[in-house]
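Every read-out reported here was derived from the displayed coordinates using simple, explicitly stated rules and does not represent laboratory data. The structure presented is a predicted model; accordingly, all values stated were derived computationally and were not measured. Neighbour counts run over all protein chains shown; Cβ positions are idealised from the backbone, glycine included.
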Amino acid sequence: MTIGILIMLSLALAFIVFFNRSQRKILAEQMRVQQLKLEHQENLLYNNIKTQEEERKRIAKDLHDEVGSKLNVIHLNLHRLKKNAAASPVLEETVSDIFGVINDTIDTTRRISHDLLPPTLENFGLADAIKELCDSYQRTSALNLQFDHVQSEDRPIEKMVELNLFRIIQELISNSIKHGQASQINIRLLANNKELRLEYQDNGQGFDPNQMNKKTGLGMQNIESRLQMIQAQHSLDSQPGAGFSLSIKYPYPNDSPSLSR
Amino acid sequence: MKSWQLLITNSSEIMLLINIVLSMIYFWKNWPILRYFCGLLFFSLIIQAIAKVMWLQKMNNLSLLHLYTLGEFVLMSLFYTQIFDKNSIWKKYLGWLIGSVVVLIIANSIYLQPITVFNTYSKTLTQVIYIAYAVVYFWQATNNQPSPYHSVLKTINSAILLYYTGSLFIFMFGNVFFKLDDFHKIFWVANALLYLIFQLLVFTAIWQFRQTKSTYS
């Protein structure tokens with residue numbers, strides 16, 4: 001009898017141990033699959049952003065080099081035509097109209113091309129590009145944008161990092177206007193020998209970060225993906241009615257050279 | 001009864017009392033699916049208290065075992081109805097199983113083993129069913145994504161599996177033990193020891209619930 005009880009108990013114990021082991025194995029496998037899925041999704045997102053940027057660059061270049069230059073040729077030819085059209089008032093008026101349209105088209109093409117890939121970012125770097133972006137918003141809206149750039153050390157940053165940080169700022173400003181109805185935005189760019197800090201703050205409606213709606217959520221997801229892509233850390237702070245703030249810290253890679261003397 | 005035997009028997013009863021108080025505090029309000037299990041613990045305490053009083057009065061308390069077997073089976077089955085997978089075949093036919101076994105237990109007490117003798121048939125049948133419940137739960141848990149409170153149910157299930165597997169033979173041959181004079185006491189002490197382990201595991205489950213709750217809240 002005692003042996004029977006002991007055998008039964010041993011069987012039960014063995015079953016429990018077996019169950020625990022198998023479940024641990026299954027869990028580890030599930031975690032591995034989950035991790036792979038996550039990595040795959042991240043890769044997809046990174047590739048998506050990368051392709052988007054490459055496409056933007058290509059379109060901006062085509063607009064500038066192909067469409068822009070051809071519009072300039074039309075513009076020059078119109079000048080020549082205008083000189084010869086002085087005799088006919090109807091022709092002169094038509095040429096003037098075409099001039100108006102061509103000038104608008106050139107401006108629009110330039111604006112689209114600049115929006116797609118700001119030449120300031122390419123040629124002068126992140127700080128100047130943000131400043132230009134702030135100026136353009138301030139010119140066209142009642143928004144008050146304050147940009148401070150504090151630089152204790154000048155270190156070159158990868159173009160890809162600059163572009164991503166710039167896109168993040170674009171997205172944040174757009175969110176502050178569209179969703180937050182902010183009237184004041186403060187941006188600070190601080191650079192020292194170790195890291196680059198970007199601080200963004202608005203006085204908009206704010207939101208509960210735990211209950212982001214789908215639209216805002218997607219924008220934030222995009223920002224987070226870009227931050228992950230450049231391996232930057234961030235902290236977000238927002239409350240309904242209390243504005244929004246985001247702090248980004250980009251530590252320079254160890255092999256990045258310092259330009260300070 | 002020797003002092004160590006008394007110690008084991010009394011410890012299991014004290015642990016049962018502690019677990020009832022703790023499970024009422026932690027499980028009853030916060031986790032409704034464990035209400036039937038809390039009910040089972042409470043039901044055990046009441047039956048044990050009455051059985052002790054009857055034993056002190058030198059009365060035959062075996063009738064209580066018949067009542068306990070029935071109540072225990074209903075509460076245990078309802079508890080498993082709560083924790084089994086919604087779509088599992090077990091859950092679909094559990095109602096029929098409970099109804100049929102309840103009829104068998106009552107029929108056994110009326111026709112085969114009257115309330116003055118040990119109801120070994122009913123006890124064996126119900127214990128085999130509890131072991132099956134526990135095995136099915138473990139099997140289902142292996143195929144499912146674990147929930148935050150999964151470890152709590154796993155510990156309770158382990159307690160059920162260990163106790164009922166260990167005590168299966170004790171109850172199966174209960175009537176034989178009664179004829180063995182002093183020798184049968186050893187088996188009842190073994191049962192009390194298994195019950196103490198059961199209660200200690202339930203205590204662990206309550207502790208796990210408390211820890212998980214503070215992590216997730």
- Item | Note, ³J(HN,Hα) from phi for region A:191-201, Karplus 6.51, -1.76, 1.60, rounded to Hz, x at Gly and Pro | 10, 10, 6, 9, 8, 10, 10, 10, 10, 10, 8
- For region A:58-66, just list the computed ³J(HN,Hα) in residue order, Karplus coefficients 6.51, -1.76 and 1.60, θ = phi - 60°, integers in Hz, with x standing in for Gly and Pro. 5, 5, 4, 5, 4, 4, 5, 7, 8
- With r defined as the distance between the Cβ atoms of A:Glu54 and B:Ile50 and R0 fixed at 56 Å, what FRET efficiency is calculated, to the nearest 0.05? 0.10
- Amide hydrogen neighbours beyond the local backbone of A:Leu143, cut-off 5 Å, H modeled: none
- Task: Taking the Cα centre of region A:94-134 as origin, work out the dipole magnitude from +1 charges on Lys and Arg Cβ and -1 charges on Asp and Glu Cβ, in debye rounded to 20.
- Result: 60 debye
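Apply the a/c threshold of 1.5 to the C-alpha gyration tensor of region B:1-160 and tell me whether it is rounded, prolate or oblate.
It is oblate, given that a/c is not under 1.5 and a/b is not larger than b/c.
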- Task: Report Rg(Cα)/(2.2 N^0.38 Å) for chain A, keeping two decimals.
- Result: 1.57
- Message: Give me the dipole magnitude in Debye, nearest 20, for region B:33-97 about the Cα centre, with unit charges on the beta carbon: positive for Lys and Arg, negative for Asp and Glu.
- Response: 60 debye
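What's the magnitude of the charge dipole for the protein assembly as shown around its Cα centre, counting Lys and Arg as +1 and Asp and Glu as -1 at the beta-carbon? Answer in Debye, nearest 20.
Dipole size: approximately 2040 debye.
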- Item | Charge sum, other residues only, whose C-beta stays under 12 Å from A:Lys61's C-beta, Lys/Arg counted +1 and Asp/Glu -1 | -3
- Tell me, Kirkwood radius of region B:66-144 from alpha-carbon pair distances, in Å? 13.2 Å
- Item | Mean Cβ count within 10 Å, highest first, over the residues of peptides A:60-71, A:100-111 | A:60-71, A:100-111
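Within 10 Å, Cβ to Cβ, of A:Phe124, how many net charges do the neighbouring residues add up to if Lys/Arg are +1 and Asp/Glu are -1?
On the way: positive: A:Lys131; negative: A:Glu122, A:Asp128, A:Glu132.
Around A:Phe124, the surrounding residues sum to -2.
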- Task: Report, for the protein assembly as shown, the % of DSSP beta bridges that are antiparallel, rounded to 5.
- Result: 70 percent
- Item | Neighbour cut-off at most 14 other Cβ (10 Å), DSSP loop, trypsin sites (Lys or Arg not before Pro), region B:7-116 | B:Lys58, B:Lys86
- Note on the structure: The relative contact order of region A:1-151, taking Cα pairs under 8 Å that sit 6 or more residues apart, comes to a percentage of 19 percent
- Query: If you take the charge dipole of region B:9-101 about its Cα centre, with +1 on Lys and Arg Cβ and -1 on Asp and Glu Cβ, which of B:Leu16, B:Ile89, B:Val101 is farthest toward its positive end?
  - Reply: B:Ile89
- Note on the structure: Expected integer from the mean partner chain Cβ neighbour count at 10 Å over B:130-142 is 2
- Within a 10 angstrom radius of each residue's Cβ in A:11-24, how many Cβ atoms of other chains show up on average? Whole number is fine. 5
- Task: Starting from the amide H of B:Ser167, placed 1.01 Å from N in the peptide plane, find each other amide H under 5 Å away whose residue is 5 or more places distant or on another chain.
- Result: none
- Of the candidates B:Gln211, B:Asn191, B:Leu62, the farthest towards the positive dipole end of chain B (Lys/Arg Cβ +1, Asp/Glu Cβ -1, centred on the Cα centre) is B:Gln211
- Task: Sequence neighbours fewer than 8 away in the same chain don't count; with that in mind, list the lysines whose C-alpha is under 24 Å from B:Lys185.
- Result: B:Lys2, B:Lys52, B:Lys58, B:Lys123
- Note on the structure: Output field shielding_mean for B:188-195 (other chain Cβ, 10 Å radius) holds 1
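May I ask for the net charge around A:Phe18, where only other residues with Cβ less than 14 Å from the Cβ of A:Phe18 are counted and Lys, Arg are +1 while Asp, Glu are -1?
+4
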